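Q: I'd like to ask you about the structure that follows.
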Amino acid sequence: MFWSKEESMDRKELEKLQLRRLKWTISHAYSNNEIYHRKMEEAGVKPGDVKSLDDIRKLPFLSKAELRDYYPFGLVSVPMDEIVEIHASSGTTGKPVVGTYTQRDLEIWTEVMARCLWADGIRKGDRIQNAYGYGLFTGAHGFERGARAIGAMVIPTSSGNTKRQIQIMKDFETTALACTPSYALYMAEVAEKEGYNPGEDFSLRVGLFGAEAWSEEIRKKIEEKWNIDARDHYGLTEVIGPGVSFECEAKDGLHVNSDHFLMEIIDPETGEQVGEGEKGELVFTSLTKEAFPVIRFRTRDLVYSMEECECGRTFPKHSRIIGRADDMMKVKGVIVFPSQIEEAIVSVRGASENYQIVKYKRGPFTEIKVRVEPTAERFSKGNLDDLKREIEEEIQKIVGLRVEVEIASPGEIPRSEGKAKRIVEG
Ligand code: DLL
């Protein structure tokens, strides 16, 4: 049974547990890692100064930029021969981010992933096609661990070779598909080309999606196309990989595995914690990790905090990722998030979910245009100028800015087998 007692713990009890573990993490990092030791000394804090969860604010943040400086093993807080597994993420810029794990860290990862999959309704007897990329990336490995703990079957296809994926999905009677949401859409497209009806011809019941931003509209599309329940999973290499937070059956926000990860949501400008329901940047502190503890790690991912949930879990929730601070663009003084553009495109009939935002410079200013593929059906009807206008109007409604739309021909926008690249430099 992977509904752990922690998941429905009384909040006060949970906070007590978090505080005990927070104290352990801080003294572990302070005593066993030079960089953390120095950071705390510079901030004038000693492990003993943290007496309540609120005292976490006394501790300095850890930024992505610092991680690059400490690449690859700077924050490792155990002897190197305790490390039994390693993962890395290509990161958006520069050096990869490296995650290291002791045997105990792997047990924790397995446990939190099993909880996520249990909440998705995965049980012994399910057949999970694991189409996240195997390799250094954490995605496939995390899902594999959780699935094994439950006793479900893992079909380790990795990403790519899409026609073969479809064949396997059919022949092996896959019941759950684990991959990025953009790859799930591409797989549906390939299945249709191969003459299948994705919603009818497979045994698929649930989609285990994550690793990239996706909107509620895209969720609806995937659910309709494949006739499945599509669930969101969030995580990152620095914190553990997938398994940091997950959706329950309410599909209304993601529960943080709060006995292992302490969530804060801060104003990215001031660094102060925001109020209930307000938008801000996710910050995590690991509570039990040995090899690579993170203390107040700024994810750059934007969310808002959410109310308690009816599902019975007391683990705090955050909204789906509404944007990344790094993807935020300022165009003609207006703040634009790619998710808003996606929402606009997907809501226009005849526009497909295949689009790209082209960012370019005009003098000192950033400008954007959007390239959108129509559906094959809409393309064959012609009058594409009307479609262009409709999308432009929808973007204006949502973003408050006139953005030029270019209609691409079907198949022209590159498809993704992993994390989709939605923004390109023009
Ligand atoms: O993408 C871990 C993961 C794998 C999560 C598979 C879920 C499923 P990284 O490669 O380190 O780790 O990338 C982490 O991806 O900071 C977010 O910006 C983004 N991300 C991850 N999950 C989601 C999600 C994995 N559900 C970075 N929604 C994070 C939106 C996500 N963005």
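Q: Within the group Gly363, Gly400, Gly418, Gly411, which residue is on the phi > 0 side of the Ramachandran plot and either free of Cβ contacts under 8 Å to residues at least 24 places away in the same chain or within 16 Å of the ligand (Cβ to nearest atom) (or both)? Show your work before the answer.
A: Values: Gly400 fails: either free of Cβ contacts under 8 Å to residues at least 24 places away in the same chain or within 16 Å of the ligand (Cβ to nearest atom) (or both); Gly418 fails: on the phi > 0 side of the Ramachandran plot; Gly411 fails: either free of Cβ contacts under 8 Å to residues at least 24 places away in the same chain or within 16 Å of the ligand (Cβ to nearest atom) (or both).
Just a single option satisfies the conditions, and that option is Gly363.
Conditions tested, residue by residue: (1) at pLDDT below 95; (2) among the aromatic types (Phe, Trp, Tyr); (3) under 30 Å from Asn32 (Cα atoms); (4) within 10 Å of the ligand (Cβ to nearest atom).
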site	(1), (2), (3), (4)
Ile228	no, no, no, no
Phe246	no, yes, no, yes
His260	no, no, yes, no
Gly280	no, no, no, no
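Q: A follow-up question, please. State which residue is most open to solvent (accessible area, probe 1.4 Å) when the search covers only region 384-401 and only residues that are at pLDDT 95 or above and farther than 16 Å from Ser347 by Cα.
A: Asp385
Q: Take the residues in region 81-121 that are in contact with a Gly (Cβ under 8 Å, 6 or more places away or on another chain) and β-branched (Val, Ile, Thr); name whichever of them is nearest to the ligand (Cβ to nearest atom).
A: Residue satisfying both the conditions and the ranking: Val97.
Q: Inside region 292-311, can you point out the residues that are away from the ligand (no atom under 16 Å from the Cβ) and either open to solvent by 40 Å² or more (accessible area, probe 1.4 Å) or of a type in the set (Val, Ile, Thr) (or both)?
A: The answer is Ile295, Glu307, Glu308, Glu310.
Q: Still on this structure, I have one more. Quick one: in region 320-352, of everything that is of a type in the set (D, E, K, R) and more than 16 Å from the ligand (Cβ to nearest atom), which residue is modelled with the highest pLDDT?
A: Taking region 320-352 as the starting set, the residues that turn out to be of a type in the set (D, E, K, R) are 320, 324, 326-327, 330, 332, 342-343, 349.
Narrowing further to those that are more than 16 Å from the ligand (Cβ to nearest atom): 330, 332, 349.
Values: Lys330: 90, Lys332: 90, Arg349: 96.
Filtering first and then ranking leaves Arg349.
Q: Among the listed residues Glu212, Glu173, identify the single one that is assigned to a loop (DSSP other than H, G, I, E, B), away from the ligand (no atom under 16 Å from the Cβ), out of contact with any Gly (no Cβ under 7 Å at 6 or more places or on another chain) and under 21 Å from Phe143 (Cβ atoms).
A: Working: Glu212 fails: away from the ligand (no atom under 16 Å from the Cβ).
Only one candidate passes the filter, namely Glu173.
Q: Residues being farther than 10 Å from Ile228 by Cβ and either within 14 Å of the ligand (Cβ to nearest atom) or outside the structural domain of Gly241 (by TED's automatic domain parsing) (or both): count how many of those fall in region 182-207. Spell out how you get there, then give the answer.
A: Taking region 182-207 first, the residues farther than 10 Å from Ile228 by Cβ are 182-183, 185-197, 200-201, 203.
Within this subset, residues satisfying the condition of being either within 14 Å of the ligand (Cβ to nearest atom) or outside the structural domain of Gly241 (by TED's automatic domain parsing) (or both) are 182-183.
Count: 2.
Q: Cβ contacts < 6 Å: first residue crowded, with 23+ Cβ neighbours inside 10 Å, restricted to region 121-150; second residue small (Gly, Ala, Ser) and assigned to a loop (DSSP other than H, G, I, E, B), any location; separation 6+ or different chain. Result?
A: Going by the 6 Å Cβ cut-off, the qualifying pairs are Ile122/Ala152; Ile128/Ala152; Ala131/Ser159; Gly139/Ala211.
The values are calculated or read from the model by the stated rules, or taken from the named source; none is laboratory data. Because the structure is a prediction, the values reported are computed rather than measured. Because the Cβ atoms are built from the backbone with ideal geometry, glycine has one as well, and the counts that use them run over all protein chains shown. In case anyone asks, the SASA skips ligands and DNA or RNA and just uses the protein heavy atoms, side chains included. Shrake-Rupley method; radii C 1.70, N 1.55, O 1.52, S 1.80 Å.
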